[in-house]
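Undergrad: Take this structure first; my questions come after.
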Amino acid sequence: MIDKIITIYIQNKTSLFHDQYLILLSESLMKKGKIPANQPINLKFGSKNLYVKVLPSKRTNALIINEHLARQLGLHHKSKLRIQYSSSTLTIGPFIGVLLSHRTKQSHSKPFGSNTIFCQELSDASKLQGAFVCFFTPKDIHVDSNKIDGWTYYGGWSKRILPIPNTIYNRLSTRKQENKSSVQHFMKEVKSKYHTQIFNEKFLDKTEVYDALSKSKNLQKYLPESYLLKNYSMLKMMCSKYTTVFLKPSQGSLGRGIIRITRQSNGAYLCHFASVNGSHSEKFSNLKKVYAKISGKLKSKKYQIQQGISLIKVNHRPIDFRALVQKNINGEWEITSIVGRIASNNHFVSNLARGGTLSSVKEALLKSNLPKHEVRNTIHRLNHSALKIVEGLEEQIPNHFAELGVDLSIDVHGKVWMIEVNSKPSKSDHTSLNENKIRPSVKKIIQYARYLTFE
């Protein structure tokens, strides 16, 4: 068996390629893989399968193909790609497609807007690991779902017609777009026809996550008491049980729409409403007036009501922690990073989109009101909790995920709580606190795609 990163050379010499389905491969690789010369074998790139004949070349670690074949596959001249040979099939890959929400026409150098930097980083990582990565939107899918218009980055952006990738990484940013019939049809078709692996194939909502994790006795300890808010009686029950409760949109993100309700000593209630520019507060003399204020929101959105927790703080600013948990080259979950997120002065949520700041976990804990002798053990428990939560979710929810953002908090007694799990973690939220060009989280996406392609 061959497993090697080689260089693709595209030539158009009619004397060399009397047959357009003839390819040249380094003689040493042909001997190592016992590839028969001038005999039909299957050349596989994503969904594309072609019968070709192979002849030996003196050029080291090289695969030489003609322009006609290169156009069918969508390959670039002098690109470095991994090949594997097994059971009369020469596979080029992994071939990864990243499904994004939109492409901008205003800037050719930034075709995917603010996502372009991440796309270029993923492209750079793929070249180092011998993978081929392209980017596409729902508008780039061909009607019959057997091709896409993919964008690739080789010193600049270019578009080409490509086969369906081996793996598709779903980075659609809205549920509305993800749930479009055309997108759902495409996902169903490529999984059925080409056995394409689609990971992070759907958004999670808060109610779904809580219901799934609550089925495991070992994971219940991480869950604040929480329910789908259905009526005034439920609000009254939770507010009588806890001094503070949170209302969170079941399908919300970036801290949008969160409401904090705090019972005052005189029986009144103080409500904080999260908004784009900060948070604003209102006082209510009784709970019925609170419910009257929020009941309109409940008609248009589902809200999860959650027990409030007395979090550790830095200078009166709450801290939480985002763990990025990903599948590795062996297909197993592991922690890639955990960062502390300290809320800004005018917010009660810590999202970076709400003005929060990043910190290393150790630094955040040392600055906090957590006893210093608890720091080391707390870091270990954060790692352990995030891993167990993700493994538990995978057991209960049948969809395919390869990276999850797990938001955790620590209360004043040192107990770990789960806030939520995000199936589309931000690509800026996890910026490494050092300045390495390619982040470990980006490398791991390529490694997992390699596992899926060649397992």
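Undergrad: For I438, indicate whether it is in a loop (DSSP other than H, G, I, E, B) and β-branched (V, I, T).
TA: So I438 passes the test.
Undergrad: Please give the helices (runs of 4 or more DSSP H) falling wholly within segment 175-284 in which 2 or more residues are within 19 Å of the chain's Cα centre (by Cα), under 25 Å from Q326 (Cα atoms) and not polar (S, T, N, Q).
TA: Passing ranges, in order: 175-178, 181-194, 206-213.
Undergrad: Residue by residue through segment 325-344, note down the ones that are out of contact with any Phe, Trp or Tyr (no Cβ under 6 Å at 6 or more places or on another chain) and part of a strand (DSSP E or B).
TA: Q326, W333, E334, I335, T336, S337, V339, R341, I342
For every residue, the table says whether it meets (1) touching an Asp or Glu at 6+ places or on another chain (Cβ under 9 Å); (2) crowded, with 18+ Cβ neighbours inside 10 Å; (3) under 24 Å from K230 (Cβ atoms); (4) hydrophobic (A, V, I, L, M, F, W, C).
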| position | (1), (2), (3), (4) |
| --- | --- |
| Q307 | yes, no, yes, no |
| H316 | no, no, no, no |
| V325 | yes, yes, no, yes |
| W333 | yes, yes, no, yes |
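Undergrad: Still on this structure: Go through the residues of segment 380-403 one by one and say whether even a single one is of a type in the set (K, R) and modelled with pLDDT of 95 or more.
TA: The answer is yes; a qualifying residue exists.
Undergrad: Among the numbered criteria (1) without any contact (Cβ under 8 Å) to a residue 12 or more places away in the chain; (2) out of contact with any Cys (no Cβ under 7 Å at 6 or more places or on another chain), which one does V209 miss?
TA: For V209, the failing item is (1).
Undergrad: So which of G74, G97, G113, G93 is buried (at least 18 other Cβ atoms within 10 Å of the Cβ), at pLDDT below 95 and out of contact with any Asp or Glu (no Cβ under 7 Å at 6 or more places or on another chain)?
TA: G93
Undergrad: Right, S216: crowded, with 17+ Cβ neighbours inside 10 Å and small (G, A, S) or not?
TA: yes
Undergrad: Next question. Out of all the residues in segment 191-202, is one or more among the hydrophobic types (A, V, I, L, M, F, W, C) and out of contact with any Gly (no Cβ under 8 Å at 6 or more places or on another chain)?
TA: Yes: segment 191-202 contains one or more residues that are among the hydrophobic types (A, V, I, L, M, F, W, C) and out of contact with any Gly (no Cβ under 8 Å at 6 or more places or on another chain).
Undergrad: How many residues does segment 137-160 contain that are in contact (Cβ under 8 Å) with a residue 40 or more places away in the chain and under 19 Å from T91 (Cα atoms)?
TA: Looking only at that region, the number is 1.
Undergrad: Here's a follow-up. Which residue is modelled with the highest pLDDT, if the candidates are limited to segment 320-354 and must be of a type in the set (G, A, S) and touching a Gly at 6+ places or on another chain (Cβ under 8 Å)?
TA: Among those residues, the one meeting the criterion is A323.
The values are calculated or read from the model by the stated rules, or taken from the named source; none is laboratory data. If you're wondering where the values come from, they're calculated on a predicted model, not measured in any experiment. Neighbour counts run over all protein chains shown; Cβ positions are idealised from the backbone, glycine included.
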